[in-house]
Amino acid sequence: MTKVITYGTFDMFHIGHLNLLKRLKSLGDELIVAVSTDEFNLLKGKKTLIPWQQRADIVAAIKYVDKVIPEESWEQKIEDINKYNIDTFVIGNDWEGKFDFLKEHCNVVYLERTEGVSTTLLKNSLSAI
Ligand code: C2G
C-alpha cells in the first residue's frame with residue numbers, strides 16, 4: 001500500500017487541480033490531500049475566495065482523493081509524513097526544489113503544472129466580465 005500526499009489551497013477548483021490529483025492517484029494506492037486553512041493562507045499571503053470547509057469538501061468529493069486533512073503550517077509536513085506513513089510527497093513544479101528537505105523522509109516528486117489555468121487567471125477573467 002503506497003501512500004501519496006500533497007498540499008495546496010485548491011481555491012476555485014479547476015482543471016489544473018484535477019489533472020494534478022488524477023496524476024497523483026497513479027503514483028500510489030492512497031492519496032491524502034492537505035488543504036490549506038484560511039488562516040494558513042493568510043500566512044502564505046494568499047487571499048482565497050472559497051472558505052476552507054467548502055474547498056475541503058470539494059477536494060474530498062474527487063474520486064482520486066482518499067483523505068483530506070487541514071494544512072495549518074509550513075512545518076507540519078514531516079509530522080504528516082510520519083503520522084500517515086507516506087511514501088511519496090508530490091506537488092506542482094512551481095514549487096520545484098522547495099521541499100527537497102523532505103527527501104530524508106519520503107520520495108519527493110514535482111509534477112508539471114497544467115498551463116493556461118490558475119485561480120489568479122480565473123479571478124482576473126471574472127473581474128473582466
Ligand atoms: N497546480 C497545477 N496546475 C495549475 C495550478 C495548480 O498543477 N494550473 C497545482 C499546484 O502546483 C499545486 C496544486 O495544484 O501542487 C494546488 O495549487 P494551489 O492551490 O495554488 O496550491 P498552493 O497555494 O501552491 O499551496 O505547502 C504547499 C502549499 O500549500 C501549496
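The values are calculated or read from the model by the stated rules, or taken from the named source; none is laboratory data. Keep in mind the model is a prediction, meaning the values are calculated, not measured. Counting neighbours? That spans all protein chains shown, and the Cβs are built from the backbone with ideal geometry, glycine included. Just the protein is used for accessible areas: all its heavy atoms, side chains included, with ligands, DNA and RNA removed. Shrake-Rupley method; radii C 1.70, N 1.55, O 1.52, S 1.80 Å.
Exactly one residue out of Thr120, Thr48 is within 19 Å of Phe13 (Cα to Cα) and assigned to a helix (DSSP H, G or I): that is Thr120. For Glu115, the test of being near the ligand (Cβ under 10 Å from one of its atoms) and open to solvent by 30 Å² or more (accessible area, probe 1.4 Å) is passed. Scanning segment 78-95 for residues that are in contact with a strand residue (DSSP E or B) (Cβ under 8 Å, 6 or more places away or on another chain), more than 22 Å from Lys47 (Cα to Cα) and of a type outside the set (S, T, N, Q), which turns out most open to solvent (accessible area, probe 1.4 Å)? By that ranking, first place goes to Asp87.
Filtering segment 65-77 down to residues that are touching a strand residue (DSSP E or B) at 6+ places or on another chain (Cβ under 6 Å) and open to solvent by less than 70 Å² (accessible area, probe 1.4 Å), which residue is nearest to Leu21 (Cα to Cα)? Step by step, filter segment 65-77, then rank; the result is Val65. When segment 11-49 is filtered for residues that are under 14 Å from Thr120 (Cβ atoms) and open to solvent by less than 50 Å² (accessible area, probe 1.4 Å), the ones remaining, listed by number, are Asp11, Met12, His14, Gly16, His17, Asn41, Thr48.
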